[in-house]
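The values are calculated or read from the model by the stated rules, or taken from the named source; none is laboratory data. In this text, all values refer to a predicted model and were calculated from it rather than measured experimentally. Cβ: placed from backbone, ideal geometry, glycine included. Neighbour counts: every protein chain shown. Just so you know, the surface numbers come from the protein's heavy atoms only, side chains and all, with ligands and any DNA or RNA stripped out. Shrake-Rupley method; radii C 1.70, N 1.55, O 1.52, S 1.80 Å.
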Amino acid sequence: MRSAVVIADTTAPADVHGVHGAPGTTRWTCLARRAGLAGDWEAVEWASIPAGGVSGEHLHTRTREVYVLLAGEGEVTLDGRPHTVRAGDAVLTAVGTRHGLRNTGTGPLDWLVIELPADPPADPAAAAPVGSTVVRDLRRTGPIDPSAVVGGPLRLLRHVELATGERDFLLADGVEHTAFVVGGNGRAGAGDVRVPLRPGTAFTLPLGTDLHLAAGPGGLVYLHAELVPKSGGRR
């Protein structure tokens with residue numbers, strides 16, 4: 001297990017062509033992987049498609065997936081039903097669900113991906129999902145429990161806004177955390193290490209780690225997710 005907080009950012013994404021069979025290019029970067037983490041994380045990722053771009057429709061046979069829209073607007077399809085989405089919305093996708101995403105705006109469509117493994121259904125084509133839905137404007141909806149919709153160990157998803165000088169503290173004791181800075185600036189500290197925070201910075205806390213956050217001038221805005229590992233007492 002890693003003994004340190006995992007810090008990553010979106011400054012050097014890869015260009016991925018033909019994602020899920022769709023034409024065009026997706027900008028993509030992995031922010032954290034399951035290696036070194038105790039919980040059932042598959043990966044935490046950032047992705048972006050240009051105006052008119054598509055992330056192809058596909059069936060989830062072995063993973064649950066959470067999208068949080070960061071910038072732009074688009075249309076997500078869940079089992080053939082289109083839903084208009086924009087920055088601030090969250091999309092919860094259960095195993096057994098077919099989904100795809102299209103950019104309907106004039107600028108890039110950026111989103112955060114939290115992917116979680118799940119036991120595959122015996123018949124993926126016929127299996128009914130636990131549930132899949134679009135959560136409108138996570139900023140106003142408040143903290144949600146994704147497990148109530150898609151099942152699994154992800155128990156908290158929230159939008160956090162800290163005012164200038166305000167602080168927060170994350171402790172990975174029985175839970176693991178991942179967060180992504182959406183706006184503002186600030187500083188994170190773990191032990192003697194200090195890391196500047198800006199939009200596009202992600203931090204993931206394996207069990208046994210902690211992190212102090214302090215908002216800089218103009219405040220700090222980030223998305224925060226919390227997962228209960230098996231060893232942490234999954235309910």
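Worth pointing out:
- Qualifying positions in the stretch 44-76 - at pLDDT 95 or above, in a strand (DSSP E or B), open to solvent by 10 Å² or more (accessible area, probe 1.4 Å) and aliphatic (A, V, I, L, M): L70, A71
- Out of G165, G105, one residue alone is assigned to a loop (DSSP other than H, G, I, E, B), at pLDDT 95 or above and farther than 24 Å from I49 by Cα. It is G165.
- Only a single item in (1) open to solvent by less than 10 Å² (accessible area, probe 1.4 Å); (2) closer than 23 Å to H224 by Cα; (3) not charged (D, E, K, R) is not met by V95, and it is number (1).
- Qualifying strands (runs of 3 or more DSSP E) (wholly inside the stretch 173-216; at least 3 residues being open to solvent by 10 Å² or more (accessible area, probe 1.4 Å) and either under 17 Å from D110 (Cβ atoms) or out of contact with any Pro (no Cβ under 6 Å at 6 or more places or on another chain) (or both)): 176-190, 193-197
- The stretch 135-152, residues that are aliphatic (A, V, I, L, M), in a helix (DSSP H, G or I) and either surrounded by 18 or more Cβ atoms within 10 Å (Cβ to Cβ) or touching a residue at least 60 places away in the same chain (Cβ under 8 Å) (or both): L138, V149, V150
- Whenever a residue of the stretch 196-222 is at positive phi and touching a residue at least 60 places away in the same chain (Cβ under 8 Å), its partners that are polar (S, T, N, Q) and open to solvent by 60 Å² or more (accessible area, probe 1.4 Å), lying with C-beta atoms within less than 9 angstrom and at least six residues away or across chains, give the pairs G200/T11; G208/S3.
- Verdict on T25 being within 26 Å of P153 (Cα to Cα) and among the hydroxyl-bearing types (S, T, Y): no
- When the criteria are applied in full, G21 fails the requirement of being open to solvent by less than 30 Å² (accessible area, probe 1.4 Å) and in contact with a His (Cβ under 8 Å, 6 or more places away or on another chain).
- Selection status of R62, in contact with a strand residue (DSSP E or B) (Cβ under 7 Å, 6 or more places away or on another chain) and either at positive phi or basic (K, R) (or both): yes
- Some residue of the stretch 64-77 being touching a residue at least 60 places away in the same chain (Cβ under 8 Å), farther than 21 Å from Y222 by Cα and within 14 Å of the chain's Cα centre (by Cα): yes
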